[in-house]
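Only one structure is covered here, and it is reproduced in the block below.
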Amino acid sequence: MNKLFIAICILVSNSLMAQFDFQKAVDKGKEKLGSLTNGVGLSNEDIGKGLKEALNKGVTAGVDKLGAVDGYFKSQLYKILIPEDMRNVVSKLKIVPGFGNIENELMEKMNRGAEKAVTKATPIFTKAITSLTFQDAMNILMGEKNAATQYLNKTTNQELYSEFKPIISSSLSEVGATKYWSDCVNAYNNLPFVKKANPDLNDYVTKEALNGLFGMVAEKELEIRNDPRVRNTEMLRKVFAKQDKKS
């Protein structure tokens, strides 16, 4: 009788242990599945795709808008103005015959050069977006409202500058801005009692063009983050729903 009882106990014990091990395996599987879906039915791959889609959407919209005719020139926010150290030159030249409309003409030429150059930004942005890791994507998704713009600025600014400057230099020459400014500076330097001027117009316009570009990208990023109506694909809606839950 005692032997039978012991045998039954052993069988029950083994059965309980097997169930326990099975439950552990189930729990572990659930935990693994939860980490993959991140609690909103999304895999890591989904989040990466969604962020890349959002970045491409914002970049394309920004480049298209600024690269159009008057994209910079008639923008309230991103129009490239005469640099401060040139304003004294411009104000004095207005009284010189042939330079009465210098400020408007020079600004238009600078902005036309920027509009032409900014269209070259897309492949550089695309390369940076393609290189996003999952951790990059999560940091952007759950980060500050301009986290994507900060990422692109950090990873592309120098390459964009190197790409933009010769294009802007060529564009400024093509639309007559380089010669026009050279004529302006020479005329100014011929005036009595003035400090000679020779600013690097290409560097200034390049940096202002980049400031405008990243400002526009930041605008588009904020739209996608704040306005669900802008999320016009199922992937964007699902990915940014996770960000919405955070806030």
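The values are calculated or read from the model by the stated rules, or taken from the named source; none is laboratory data. Since we're looking at a predicted model, the values are computed, not measured. So basically every Cβ, Gly included, is an ideal-geometry build from the backbone, and we count neighbours across all protein chains shown.
General remarks:
- Per-region count, segment 78-105, residues at pLDDT 85 or above and either among the hydrophobic types (A, V, I, L, M, F, W, C) or in contact with a Lys or Arg (Cβ under 6 Å, 6 or more places away or on another chain) (or both): 3
- The combined condition, being of a type in the set (A, V, I, L, M), over 22 Å from Phe125 (Cα atoms) and surrounded by 22 or more Cβ atoms within 10 Å (Cβ to Cβ), is not fulfilled by Val59.
- Number of the condition not met by Lys195 [criteria: (1) in a helix (DSSP H, G or I); (2) free of Cβ contacts under 8 Å to residues at least 12 places away in the same chain; (3) within 22 Å of Pro83 (Cβ to Cβ); (4) among the charged types (D, E, K, R)]: (1)
- Condition check for Ile168: buried (at least 18 other Cβ atoms within 10 Å of the Cβ), in contact with an Asp or Glu (Cβ under 7 Å, 6 or more places away or on another chain) and within 16 Å of Leu66 (Cβ to Cβ): no
- Among the residues making up segment 238-247, those that are surrounded by 14 or more Cβ atoms within 10 Å (Cβ to Cβ) and basic (Lys, Arg) are Lys238, Lys242.
- The C-beta contact set for segment 102-116 (first residue acidic (Asp, Glu), second residue surrounded by fewer than 24 Cβ atoms within 10 Å (Cβ to Cβ) and part of a helix (DSSP H, G or I), distance under 8 angstrom, 6+ apart or interchain) comprises Glu103/Val90; Glu105/Tyr180; Glu115/Gly67.
- Among the residues of segment 158-173, those identified as over 15 Å from Pro123 (Cβ atoms), touching a residue at least 12 places away in the same chain (Cβ under 8 Å) and not hydroxyl-bearing (Ser, Thr, Tyr) are Lys165, Ile168, Leu172.
- Filtered residue count, segment 148-182, keeping only those that are among the charged types (D, E, K, R) and closer than 30 Å to Ile129 by Cα: 4
- Failed item, numbered, when Glu159 is tested on (1) under 20 Å from the mean Cα position of the chain (by Cα); (2) within 22 Å of Asn88 (Cβ to Cβ): (2)
- Met235 meets the conditions (1) under 28 Å from Asn111 (Cα atoms); (2) surrounded by 16 or more Cβ atoms within 10 Å (Cβ to Cβ) in every case but one. The failed one is (1).
- The residues of segment 171-192 that are in a loop (DSSP other than H, G, I, E, B) and either touching a Leu at 6+ places or on another chain (Cβ under 7 Å) or surrounded by 12 or more Cβ atoms within 10 Å (Cβ to Cβ) (or both), listed by number, are Val175, Gly176, Leu191.
- Subset of segment 210-246 (residues that are within 14 Å of Leu152 (Cα to Cα) and of a type in the set (A, V, I, L, M)): Leu210, Leu213, Met216, Val217, Ala218
- Matching residues in segment 105-146 - criterion: being surrounded by fewer than 16 Cβ atoms within 10 Å (Cβ to Cβ) and small (Gly, Ala, Ser): Ser131, Gly143
- Where helices (runs of 4 or more DSSP H) sit wholly within segment 81-167, none has at least 1 residues that are touching a Cys at 6+ places or on another chain (Cβ under 7 Å), of a type outside the set (A, V, I, L, M, F, W, C) and under 20 Å from Val239 (Cβ atoms).
- Scanning segment 198-232 for residues that are at pLDDT 85 or above, surrounded by fewer than 17 Cβ atoms within 10 Å (Cβ to Cβ) and part of a loop (DSSP other than H, G, I, E, B) returns a single hit, Asp227.
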